[in-house]
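**Q** Once you've had a glance at the structure underneath, I'll fire off some questions.
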Amino acid sequence: MALPEVIEIEPLGAPVEARVTVPGSKSLTNRALVLAALGRGEVTLKGALWSEDTQIMVEALRRLGFVLRVEPDPAEPGNRTIHVRGCGGRVPPGGRRDAPLELYVGNAGTAARFLAAFVALGRGWYRLHGTPRMHERPQAALFAALRQLGYRVESPHDRLPVLIEGGGPRPGRCEVSILESSQFASALLMAAPWGGWEVEVKGENPEESPYVAMTLKLRGQFPVQGGEYVVEPDASSGSYFWAVNDPSWIWPRLDRDPAELDPSRWPVQVRRWPPPELQVDARFPGVWQMLLSAGHASRGRSRSLEIEVSRERDLGDAIMTAVVMAPLCGVICRFTDLGRLRLQECERVAALRTELTRCGASVVEEGDTLTVRPSVLHGAEIRTYQDHRMAMCFAILGLKVPGIRIHNPACVAKTFPNFFAKLAAPPPDGLGARIRDGRSGAMLGPDRLTVVAQEP
């Protein structure tokens, strides 16, 4: 049975001791699928995320003619083991201009951008299209770079849908701006060794851009001759569970033992937490520790301390988790450099401000900065804007604030289909949360809390 249209999260009555697993990284899984398809041997991806975005990539590669075999992962229901047979940089041919090979990318930015550069290595015509929201998201910088390399890219507004004529390997040089999305550079850099491309990244130092750095590091360590690659747990998804450790749990412990601020001693932990070498959001426990520490230091003061967290410097998508939980931290939080959030699954800056304000939070939007002040929150009807991260962030808030009702919770299928099942699972594997049908009030069992992923 499907998730209801609206669900209500009941607050946790007391701290829980949990050691939660989260599925594999979406960013790493989709990059690994592309690199494996470009490689020369068969690569086995272990711990690969199995969600809407990664299924879209798998099905697109199959439609192109690649051979992929998908098997269950006994350690994590949200993962799969995926065997990919590479073709040594060769991409199977497309169609004619009047009958191109059609590739559906949904609202998956990684699939849309990565496949655009990928099919340029083929021969013939390919057409990429997706959801209405994906057709609104920027592509111009990537298309301009492909044209610089000599490929034909036909799109009246430099957005999807797009027709691309693959020309095979075509050595050359291009520049690509990542001001709107770092995925433009990642798409080109993964295909570059096979296409003979020299890619110059503009708008940010590629070694300091977290997701471009991820691509370069992964490309350097990936077994392109065949072998095994283990995908790390998704740090963005893990941020929700670290954020369950809110001030009401940590501050009383701090009064007895200052060492309790160490994330390794928090009651809720995420298993197999990765080092912050590939995923910028692996820094989330440290950022959350900083906010909790500042909030604790602000207690008893006439004015709260002010802390700044930057999306360019400190966190990636997990900055949304920090924004939503910030009213509870007891510190003024300034979240800066949020411009790219406006161009993703929804206009996330406006969405965060609107829905937090609906809960009673004091939130000011100035340019690409959100300033969130300590606030007394109340329940509200939360719109998710078809955005998985909006649903998951506010679900965690619902574990602290009574009356949080999440609309369209099934949108978590994009990256974390069993998210709500994780919340409801009994400790230590879950949080033991109680989740109700927002219309009938009926308690939802495990069979209603997972968005069922399609099997191959």
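**Q** Of the numbered conditions (1) open to solvent by 10 Å² or more (accessible area, probe 1.4 Å); (2) farther than 29 Å from Leu315 by Cβ; (3) touching a strand residue (DSSP E or B) at 6+ places or on another chain (Cβ under 6 Å), Arg170 satisfies every one except a single condition; which is it?
**A** Among (1) open to solvent by 10 Å² or more (accessible area, probe 1.4 Å); (2) farther than 29 Å from Leu315 by Cβ; (3) touching a strand residue (DSSP E or B) at 6+ places or on another chain (Cβ under 6 Å), the lone unmet condition for Arg170 is (3).
**Q** Taking the stretch 55-84 only, how many residues are surrounded by 18 or more Cβ atoms within 10 Å (Cβ to Cβ) and small (Gly, Ala, Ser)?
**A** Residues meeting the conditions: 2.
**Q** Would you please list the contacts, defined by Cβ atoms under 7 Å and residues six or more apart or on different chains, that run from a residue in the stretch 79-103 that is closer than 18 Å to Tyr151 by Cα and part of a loop (DSSP other than H, G, I, E, B) to a residue that is open to solvent by less than 40 Å² (accessible area, probe 1.4 Å) and modelled with pLDDT under 95?
**A** Matching pairs, first to second residue: none at all.
**Q** Residue pairs, Cβ under 7 Å, 6 or more apart or interchain, first in the stretch 274-286 and assigned to a helix (DSSP H, G or I), second buried (at least 23 other Cβ atoms within 10 Å of the Cβ) and among the aromatic types (Phe, Trp, Tyr). List them.
**A** Phe284/Trp242; Pro285/Trp242
**Q** All but one of (1) farther than 27 Å from Met214 by Cα; (2) open to solvent by 60 Å² or more (accessible area, probe 1.4 Å) hold for Pro374, so report the exception by its number.
**A** Of the numbered conditions (1) farther than 27 Å from Met214 by Cα; (2) open to solvent by 60 Å² or more (accessible area, probe 1.4 Å), the odd one out for Pro374 is (2).
One line per residue, one yes/no per condition, for (1) hydroxyl-bearing (Ser, Thr, Tyr); (2) in contact (Cβ under 8 Å) with a residue 40 or more places away in the chain:
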site: Gln344; (1), (2): no, yes
site: Ala351; (1), (2): no, no
site: Glu355; (1), (2): no, no
site: Glu366; (1), (2): no, no
site: Thr384; (1), (2): yes, no
site: Lys400; (1), (2): no, yes
site: Arg405; (1), (2): no, yes
site: Asp429; (1), (2): no, yes
site: Leu444; (1), (2): no, yes
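**Q** Going through the stretch 214-230 one residue at a time, which ones are under 19 Å from the mean Cα position of the chain (by Cα) and open to solvent by 10 Å² or more (accessible area, probe 1.4 Å)? Don't jump to the end; show me each part of the working.
**A** First pass over the stretch 214-230, keeping only residues under 19 Å from the mean Cα position of the chain (by Cα): 214-218, 230.
Those that are under 19 Å from the mean Cα position of the chain (by Cα) and open to solvent by 10 Å² or more (accessible area, probe 1.4 Å): Leu216, Lys217, Val230.
**Q** Under 8 Å between Cβ atoms, at least 6 apart or on separate chains: pull out the pairs that start in the stretch 2-31 with a residue that is under 14 Å from Ala442 (Cβ atoms) and open to solvent by 20 Å² or more (accessible area, probe 1.4 Å) and end on any residue that is among the β-branched types (Val, Ile, Thr) and modelled with pLDDT of 95 or more.
**A** Pairs found: Glu8/Ile404; Glu8/Ile406; Glu8/Ile435; Glu10/Ile435.
**Q** Determine whether the stretch 329-340 contains at least one residue that is within 28 Å of Met134 (Cα to Cα), assigned to a helix (DSSP H, G or I) and modelled with pLDDT under 95.
**A** Step one: of the stretch 329-340, the residues within 28 Å of Met134 (Cα to Cα) are 335-340.
Those left that are additionally assigned to a helix (DSSP H, G or I): 339-340.
Cutting the leftovers down to modelled with pLDDT under 95 gives us 339-340.
Among the residues of the stretch 329-340, at least one is within 28 Å of Met134 (Cα to Cα), assigned to a helix (DSSP H, G or I) and modelled with pLDDT under 95, which makes the answer yes.
**Q** Can you name every residue in the stretch 308-328 that is at pLDDT 95 or above and either surrounded by fewer than 17 Cβ atoms within 10 Å (Cβ to Cβ) or farther than 19 Å from Tyr240 by Cα (or both)?
**A** Passing the criteria: Glu308, Ser310.
The values are calculated or read from the model by the stated rules, or taken from the named source; none is laboratory data. Since we're looking at a predicted model, the values are computed, not measured. Note that we place each Cβ from the backbone using ideal geometry, even for glycine, and neighbour counts take in every protein chain shown. Calculation scope for accessible area: heavy atoms of the full protein, side chains included, ligands and nucleic acids excluded. Shrake-Rupley method; radii C 1.70, N 1.55, O 1.52, S 1.80 Å.
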